[in-house]
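Here the structure comes first, spelled out in structure tokens, and everything after it is commentary.
The values are calculated or read from the model by the stated rules, or taken from the named source; none is laboratory data. What you are looking at is a predicted structure, and each value in this text was computed from that prediction instead of being measured. Reconstructed Cβ throughout: ideal geometry from the backbone, glycine too, with neighbour counts over all protein chains shown. Note: areas computed on protein heavy atoms with side chains; ligands, DNA, RNA excluded. Shrake-Rupley method; radii C 1.70, N 1.55, O 1.52, S 1.80 Å.
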Amino acid sequence: MSTRIVTTHEPMTVRCKWRLGSALALILLGLAMVILLAGEESFVRQDIRFEHDGNQLQGVLVMPRGDTAPRACMVFVHGSGNIPRDAYGYYAPLWRLFARQGWCSLAWDKPGVGDSSGDWRHQSMADRAAEVSAAIDFLRESRGLGKGPVGLIGFSQAGWVLPKVANQRDDVAFVISVSGAVNWMAQSRYSGRQRRLAEGLNAAQIAIEEAASARVDTLIQSGAPYSEYLALVAGEPDQEPMSEAFWGFAQRNWSADVRDDLHRLRVPMLALFGSHDAYVDPVASSEAYRQALARSQAPFFEIAIIDGADHSLMPTNEVKPAHEGMAAWWLLLKIWFGGDDLYADGMKARLEQWLGRFPEPPADAMVRGESR
């Protein structure tokens with residue numbers, strides 16, 4: 001059997017390997033856009049642009065219909081990979097939910113994605129946190145939010161970013177983490193094992209592949225040049241090596257571990273996990289969050305595992321990766337046509353209950369973007 005050793009680190013962007021799938025996707029995308037636009041009565045979109053670290057970042061400010069300036073705002077922080085401002089439509093139901101509660105939403109194309117310049121693969125987690133902080137400054141200084149409350153919501157890899165931002169600022173009201181990983185290398189090992197189990201590999205085959213992945217991990221941690229990695233994976237025709245840019249990204253971030261930042265957190269936190277997550281261990285991660293936050297200065301926190309939910313907190317009854325091939329297309333179809341019922345039971349209720357603890361300032365309490 002051919003040993004695969006390059007599957008656990010670089011996130012796969014959606015790839016079409018079938019021409020029929022590409023044609024179908026284009027047709028469905030057009031239909032989905034009609035559906036999404038028809039369901040946006042509760043909010044309006046404004047294109048925005050701000051600068052950070054020499055990059056022009058393009059995005060969207062989603063305002064509750066009828067508001068002329070933000071009163072309270074949720075800042076969206078993406079997970080891994082090439083994610084555009086709306087996460088391919090995944091954020092739209094959340095934007096509607098927040099708008100109904102009086103909160104605006106801010107999201108932008110990652111550097112090098114969509115209309116944003118730069119390259120997210122050149123960033124560390126600290127760089128990502130600085131970018132989010134720049135977005136908050138933009139909201140306050142350029143869009144009239146003033147002293148209104150800001151909440152952070154992030155997904156997967158954003159779990160390493162959110163508490164850094166909150167710990168660096170004194171104007172973040174709360175943090176919501178969705179499927180946040182604890183430790184980079186542990187998460188990589190877990191997701192690799194779940195992928196192999198889903199593919200039906202036996203114990204011996206899994207052991208061989210895990211040993212091969214461990215050799216790649218050792219190279220990453222040692223700071224080895226990309227050429228050494230290519231030499232290691234040479235002769236594996238069925239696998240596409242990670243790019244040189246992502247090799248650098250992995251070397252900058254392999255030591256990421258959220259526990260220290262959680263220890264230092266001073267604001268409330270909601271952490272949600274899916275019971276059937278194929279990328280982040282929900283049991284071990286939720287317990288690590290619980291232990292770290294119990295020793296923090298956060299005034300309160302909530303941690304929940306949503307039953308029957310995957311990594312994106314969408315409903316599922318199996319632990320199975322869905323980031324490449326036809327599985328990725330089915331995931332997009334569910335997002336495009338799921339509407340407000342996209343997420344697993346209990347997820348939206350948790351968010352609504354959480355937001356109820358942080359009422360936004362009423363419109364008549366805002367004067368020139370500042371709270372009285």
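Structure above, values below:
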quantity: With every protein chain in place, segment 159-274: carbon and sulfur % of accessible area (1.4 Å); calculated: 51
quantity: Residues of segment 259-358: accessible area per residue with a 1.4 Å probe, Å²; calculated: 45
quantity: Solvent exposure ordering (accessible area, 1.4 Å, most first) of His122, His311; calculated: His122, His311
quantity: Surface accessible to a 1.4 Å probe, per residue, for the residues of segment 51-199, Å²; calculated: 30
quantity: Positive-pole candidate from Gln297, Val258, Ala181, dipole of segment 158-300, charges at beta carbon; calculated: Gln297
quantity: Cα-projected label distance for Ser227 with Tyr88, points at 7 Å along beta-carbon direction, nm; calculated: 3.6
quantity: Heavy-atom accessible area ranking, 1.4 Å probe, most first, across Arg143, Arg189; calculated: Arg189, Arg143
quantity: For Arg295, net neighbour charge (Lys/Arg +1, Asp/Glu -1) across residues whose Cβ lies under 14 Å away; calculated: +1
quantity: Sequence of Thr218, Thr316, Thr68 when ordered by accessible area, the most exposed leading, probe 1.4 angstrom; calculated: Thr68, Thr218, Thr316
quantity: Cα-centre dipole for segment 85-223 with unit charges at Cβ (Lys and Arg positive, Asp and Glu negative), debye to 20; calculated: 320
